[in-house]
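Novice: Starting off with a structure, shown below.
The values are calculated or read from the model by the stated rules, or taken from the named source; none is laboratory data. These figures come from a predicted structure and were not determined experimentally. Backbone-built Cβ (ideal geometry, glycine too); neighbour counts: all protein chains shown.
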Amino acid sequence: MPDGFSPSTTTQPLIDRFGRQVSYLRLSVTDRCDLRCSYCMAEHMTFLPKKDLLSLEELETVAAAFIRRGVRKIRITGGEPLVRKDIGELFDRLGAYMDHGLEELTLTTNATLLSAHAERLYKAGVRRVNVSLDTLDPAMFREITRRGDLQKSLDGIAAAKAAGLKVKINTVGLKHQNADEIPEMIEWAHAEGFDMTLIEVMPLGLTGEDRVDQYIPLFEIRDRLEKRWTLKDEKTGDAQAGPSRYVRVEETGGRLGFITPLTNNFCAGCNRVRVTCTGRIYMCLGQDDHVDLRAALRESEDPQAALDGALDRALFAKPERHEFAIRERGDAPALPRHMSVTGG
Ligand code: SAM
Ligand code: SF4
C-alpha cells in the first residue's frame with residue numbers, strides 16, 4: 001500500500017448520470033487461460049503480448065485509485081487469473097487495503113490451479129471465491145472446455161473449502177450440453193454447502209460455435225426445477241443485490257441464483273465497472289465504450305490526477321443498459337470482444 005494512502009482522502013464517489021454509485025470493480029489481470037470454454041473463447045485464440053498488460057504495480061495503482069473513489073469490493077478475474085505468474089503477490093498487495101477502504105477482495109476462477117493458491121488467498125484476506133463449473137461429467141467437461149481435466153477443478157474446489165473459503169459455483173446454462181444435468185449439479189453444490197448461480201450465455205465474441213445452439217433461456221430451466229422442487233424467492237440481505245436473483249431450494253436447503261442478461265435486464269441497479277488487463281475501463285459488459293487508464297498511467301506526469309480524470313470521463317459515459325439478444329442462427333455477436341478480454 002502506498003505511504004499515506006487513506007480512503008478518507010476520497011474526494012468524489014463514482015456516481016453516474018443515472019444516479020448509480022460504482023462501488024464494485026472487476027479487475028482483469030490476464031486474457032490468457034488454460035481452458036477454452038466453447039461459449040467463451042475460440043479454440044485457437046491469439047492472446048495479447050505480455051508488454052500490453054498492466055504490471056503488478058500498475059494494477060495496484062488502478063485498484064487504489066478506485067478505492068479512493070469509494071470502491072469497496074474488488075473481484076480479480078480474467079481470462080484465468082491464476083495463470084498469471086505474480087498473482088499471489090497481487091493478492092498480498094491488494095489484501096493490504098482490506099480495512100483501509102476495501103471491504104471485500106475476491107476472484108472468479110476455473111479452479112484448475114486453485115489447490116496451489118487457496119491458502120495464500122485466504123491469508124491475503126480473500127473469504128469467498130466464485131468457481132465456474134459447467135458439468136460434473138469428466139467427458140462433458142473436456143468437451144465444453146475443449147481440453148480440461150475435471151478432477152483438477154474438483155481438487156481446487158476442495159482445497160478452497162479446506163482453506164476456509166466460501167465457494168459459489170457459477171454455471172452457464174448450455175442447451176445441448178448441461179441443461180439436463182443442472183438438477184444434479186445443484187444437489188451436489190448444495191450438499192457441499194456451496195451457493196450456485198446459473199447464467200444465460202451471452203453473445204460476446206466469436207467462438208466457432210453458434211450461440212443459437214448454446215442458448216437456453218433460464219426460465220425454461222427454472223420451470224423444470226419447479227416441477228421437482230419448491231423454490232422460494234429470497235428477499236433479504238444481499239439476495240437481490242447485483243444481477244443475480246436468488247431463491248432458496250426448500251428440499252436441498254441451498255441458495256440458487258439466476259443471472260438472466262437476455263431474458264430479464266438488470267441494469268437499473270448496476271454498481272460495477274470492469275477494467276481489462278490492458279487498463280481499459282468498460283462501463284458496461286454489453287457496450288463497447290471504454291476509457292484508457294493505461295495511457296493515463298504511462299504517459300502522464302501526474303498519474304494520480306490523470307487516473308481521476310479518466311475515471312470521471314468513464315463514469316459520465318456509463319450507459320443506462322445493455323442490449324443483448326440471441327435471435328437468428330448465424331447472427332454476429334453483440335460485441336466482438338470475448339468475455340475473457342473484458343473480464344467476467
Ligand atoms: N476463467 C475464470 C472463470 O472461468 O471463472 C474467470 C473468467 S471467465 C470469462 C468469467 C465468467 O464468465 C465465467 O463464469 C464464465 O462462465 C463466464 N462467461 C464467459 N463467456 C461467457 C458468455 N459468452 N456468456 C455468459 N457467461 C460467460
Ligand atoms: Fe477460461 Fe473462464 Fe473463459 Fe472458460 S470461461 S475459457 S475458464 S476464461
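Novice: Identify all residues within the stretch 245-271 that are modelled with pLDDT of 85 or more and closer than 25 Å to Thr30 by Cβ; write none if there are none.
Specialist: If the condition is that a residue be modelled with pLDDT of 85 or more and closer than 25 Å to Thr30 by Cβ, then Ile259 is the only one that fits.
Novice: It is to be established whether one or more residues within the stretch 262-279 are basic (Lys, Arg), surrounded by fewer than 21 Cβ atoms within 10 Å (Cβ to Cβ) and over 20 Å from Glu60 (Cβ atoms). Explain how you work it out, then say what you get.
Specialist: Initially, the stretch 262-279 is screened for residues basic (Lys, Arg), giving 272, 274.
Filter once more, keeping what is surrounded by fewer than 21 Cβ atoms within 10 Å (Cβ to Cβ): 272.
Keeping just the survivors that are over 20 Å from Glu60 (Cβ atoms) gives none.
Within the stretch 262-279, not a single residue is basic (Lys, Arg), surrounded by fewer than 21 Cβ atoms within 10 Å (Cβ to Cβ) and over 20 Å from Glu60 (Cβ atoms).
Novice: Looking only at the stretch 171-193, filter to residues that are of a type outside the set (Val, Ile, Thr) and buried (at least 22 other Cβ atoms within 10 Å of the Cβ); which one of those is nearest to Lys161 (Cα to Cα)? Don't jump to the end; show me each part of the working.
Specialist: Of all residues in the stretch 171-193, those of a type outside the set (Val, Ile, Thr) come to 173-181, 183-185, 187-193.
Within this subset, residues satisfying the condition of being buried (at least 22 other Cβ atoms within 10 Å of the Cβ) are 173-174, 178, 189.
Working: Gly173: 24, Leu174: 27, Asn178: 24, Ala189: 12 Å.
Per the criteria, the residue is Ala189.
Novice: Just the residues that are out of contact with any Pro (no Cβ under 8 Å at 6 or more places or on another chain) and among the polar types (S, T, N, Q), please, taken from the stretch 279-311.
Specialist: Residues satisfying the conditions are Ser300, Gln304.
Novice: Just one of (1) more than 16 Å from ligand 2 (Cβ to nearest atom); (2) surrounded by 18 or more Cβ atoms within 10 Å (Cβ to Cβ) trips up Arg84, so point out which.
Specialist: With respect to (1) more than 16 Å from ligand 2 (Cβ to nearest atom); (2) surrounded by 18 or more Cβ atoms within 10 Å (Cβ to Cβ), Arg84 is out only on (1).
Novice: Out of the strands (runs of 3 or more DSSP E) lying entirely within the stretch 50-146, which hold 1 or more residues that are over 17 Å from Gly156 (Cα atoms) and not acidic (Asp, Glu)?
Specialist: Details: elements: 73-77, 104-109, 128-132.
The strands (runs of 3 or more DSSP E) meeting that bar are 73-77, 104-109.
Novice: In this structure, does Thr30 turn out to be within 16 Å of ligand 1 (Cβ to nearest atom), crowded, with 22+ Cβ neighbours inside 10 Å and not hydrophobic (A, V, I, L, M, F, W, C)? It would help to see each step written out before you state the result.
Specialist: Details: within 16 Å of ligand 1 (Cβ to nearest atom): yes; crowded, with 22+ Cβ neighbours inside 10 Å: yes; not hydrophobic (A, V, I, L, M, F, W, C): yes.
So Thr30 passes the test.
Novice: Can you tell me which residues in the stretch 35-58 are of a type in the set (A, V, I, L, M) and within 16 Å of ligand 1 (Cβ to nearest atom)?
Specialist: So the first thing to find is which residues in the stretch 35-58 are of a type in the set (A, V, I, L, M), and the list is 35, 41-42, 45, 48, 53-54, 56.
Listed by number, the residues that qualify are Leu35, Met41, Ala42, Met45, Leu48, Leu53.
Novice: Something else: Taking the criterion of being touching a Ser or Thr at 6+ places or on another chain (Cβ under 9 Å), part of a helix (DSSP H, G or I), within 14 Å of ligand 1 (Cβ to nearest atom) and not small (Gly, Ala, Ser), would at least one residue in the stretch 191-209 satisfy it?
Specialist: no
Novice: Within the stretch 32-62, can you find the residues that are over 30 Å from Gly95 (Cα atoms) and out of contact with any strand residue (DSSP E or B) (no Cβ under 9 Å at 6 or more places or on another chain)?
Specialist: Ser38, Met41, Ala42, Glu43, His44, Met45, Thr46
Novice: Could you check the stretch 219-241 and list, in sequence order, the residues that are part of a loop (DSSP other than H, G, I, E, B), in contact with a strand residue (DSSP E or B) (Cβ under 8 Å, 6 or more places away or on another chain) and either of a type in the set (Asp, Glu) or modelled with pLDDT under 95 (or both)?
Specialist: Glu234, the sole residue that qualifies.
Novice: What's the number of the condition Gln287 fails, among (1) closer than 16 Å to Glu60 by Cα; (2) of a type outside the set (Ser, Thr, Tyr); (3) part of a loop (DSSP other than H, G, I, E, B)?
Specialist: Condition (1) is where Gln287 drops out.
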